[in-house]
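To start, the structure under review is shown below, and the notes come after it.
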Amino acid sequence: QVQMVESGGGLAQPGGSLRLSCTVSGRTDVIDAMGWYRQTPEKQRELVAVIGANGSTGYANFAKGRFTISRENAENKLFLQMNSLKPEDTAVYYCSTKTYAGWNWGKGLQVTVSS
């Protein structure tokens, strides 16, 4: 079993930045890909960015050029650097890990972009 705890959310102004962190524990040896998802009351949970075990990355169109996903395998940590934030980035962000059993999510944290 894999556990994930997110940190770093909060309030940012439009155009500002936030850095999300996720600390992973448990059966980290079975983790393949890791990623960030987000959800609002109006939308289903959607992929923000994903990073494979080999470091390859993928981004949703809305995240390209603004968000950067990275992982620190030695410390079992995942990061999401978010720049040029927009009000529509307001959502609950979830850290996620993929194992042979499928995707798992942390409890999520709130990111609010507002002036």
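The values are calculated or read from the model by the stated rules, or taken from the named source; none is laboratory data. All figures in this text were calculated on a predicted structure; none of them were measured in a lab. Every residue, glycine among them, receives a Cβ derived from its backbone with ideal geometry; neighbour counts consider all protein chains shown. Ligands, DNA and RNA are excluded from the accessible area calculation, which covers all protein heavy atoms including side chains. Shrake-Rupley method; radii C 1.70, N 1.55, O 1.52, S 1.80 Å.
Two numbers describe the Cα atoms of the chain: Rg and Dmax, which are 13.3, 42 Å. When trypsin sites (Lys or Arg not before Pro) are flagged only if DSSP places them in a loop and at most 16 other Cβ atoms lie within 10 Å, the longest unflagged stretch of the chain comes out as 67-106. When you filter the GluC sites (Glu not before Pro) in the stretch 42-115 for DSSP loop state and at most 14 other Cβ atoms inside 10 Å of their Cβ, you are left with Glu42. For the chain, relative contact order (Cα pairs under 8 Å, six or more residues apart, normalised by length) works out to 36 percent.
Enumerate by residue number the chymotrypsin sites (Phe, Trp or Tyr not before Pro) in the stretch 1-78 meeting two conditions: DSSP loop (anything except H, G, I, E, B), and at most 15 other Cβ atoms within 10 Å of the site's Cβ. Qualifying residues, ordered by number: Phe62.
Please build a GNM for the chain, connecting alpha carbons under 10 Å apart, and tell me which residue among Asn76, Asn61, Asn104 fluctuates the most. Answer for the Gaussian network model of the chain: Asn61. List the residues of the stretch 93-115 whose backbone N lies under 13 Å from a point placed 7 Å from the Cα of Gln13 along the Cα-to-Cβ direction. Only 114-115 pass the distance filter.
Per-residue 3J(HN,Hα) values for the stretch 5-22, derived from phi via the Karplus relation 6.51 cos²θ - 1.76 cosθ + 1.60 with θ = phi - 60°, read 10, 8, 8, x, x, x, 9, 9, 7, x, x, x, 9, 9, 10, 8, 10, 9 Hz in sequence order (x marks Gly and Pro). For Gly108, the residues whose modelled amide H falls within less than 5 Å of its own, excluding neighbours fewer than 5 places apart on the same chain, are Glu6, Cys95.
A simple spin-label model places the labels of Arg27 and Ala101 0.5 nm from each other, with each point 7 Å out along Cα-to-Cβ. Taking the protein heavy atoms of the chain in the context of the full set of protein chains, the accessible area attributed to carbon and sulfur is 47 percent at 1.4 Å.
Accessible area per residue for the chain is 54 Å², calculated with a 1.4 Å probe on protein heavy atoms, without ligands, DNA or RNA. Bridging of Lys77 to lysines at a Cα separation below 23 Å is possible for Lys64, Lys98, Lys107, once same-chain residues fewer than 8 apart are set aside. A simple rule links phi to the HN-Hα coupling: the Karplus curve 6.51 cos²θ - 1.76 cosθ + 1.60 with θ = phi - 60°, which for the stretch 33-38 gives 8, 9, x, 10, 10, 9 Hz, with x for Gly and Pro.
The charge dipole of the chain, taken about its Cα centre with unit charges on the Cβ of Lys, Arg, Asp and Glu (plus for the first two, minus for the last two), comes to roughly 100 debye.
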